[in-house]
1. If a residue has to be at positive phi and surrounded by 11 or more Cβ atoms within 10 Å (Cβ to Cβ) to count, how many in the stretch 67-84 make the cut?
2. Collect the residues in the stretch 4-22 that are exposed (fewer than 13 other Cβ atoms within 10 Å of the Cβ) and either in a strand (DSSP E or B) or on the phi > 0 side of the Ramachandran plot (or both), keeping them in residue-number order.
3. Within the stretch 23-52, how many residues turn out to be assigned to a loop (DSSP other than H, G, I, E, B), buried (at least 18 other Cβ atoms within 10 Å of the Cβ) and in contact (Cβ under 8 Å) with a residue 40 or more places away in the chain?
4. What tally of residues in the stretch 57-90 results from selecting those that are of a type outside the set (Val, Ile, Thr), within 10 Å of the chain's Cα centre (by Cα) and assigned to a helix (DSSP H, G or I)?
5. Just checking, how many residues over the stretch 1-39 are acidic (Asp, Glu) and touching a helix residue (DSSP H, G or I) at 6+ places or on another chain (Cβ under 9 Å)?
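Derivation of every value follows stated rules applied to the coordinates shown; laboratory data play no part. Worth saying up front: this structure is predicted, and the values here are computed from it rather than measured. As a convention, Cβ positions derive from the backbone with ideal geometry for all residues, glycine included, and neighbour counts pool all protein chains shown.
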Amino acid sequence: MIETCGHVPGHQSVIVSLPQTGLVLLAIDAVALQAHFTRERPVGPTDADGEQTIASTLKLFELNRKRLFSLTVFGHEQEQWNTPKQLPAFYD
């Protein structure tokens, strides 16, 4: 678990290591849209603390740059939510 406050106080993102898939970053609402996963990330109107939001994004961005996650899940990326494996398929 990674502390990623900003959007809301106490928000946490999660890294999951799966045997076949590898490292998966669940950014969720720390970075809700893939377009915001940049060093120049804009602060949204629903982000409680803009400075913390940017700091959390940069933290995840740097982890991604170093570890090369096989999958990053963003909280509100509609196209992404339409494409993941669905039951009975699964990530392993």
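1. Counting residues in the stretch 67-84 that are at positive phi and surrounded by 11 or more Cβ atoms within 10 Å (Cβ to Cβ) gives 0.
2. Scanning the stretch 4-22 gives GLY10, SER17.
3. Of the residues in the stretch 23-52, 2 are assigned to a loop (DSSP other than H, G, I, E, B), buried (at least 18 other Cβ atoms within 10 Å of the Cβ) and in contact (Cβ under 8 Å) with a residue 40 or more places away in the chain.
4. The number of residues fulfilling the criteria is 3.
5. 1
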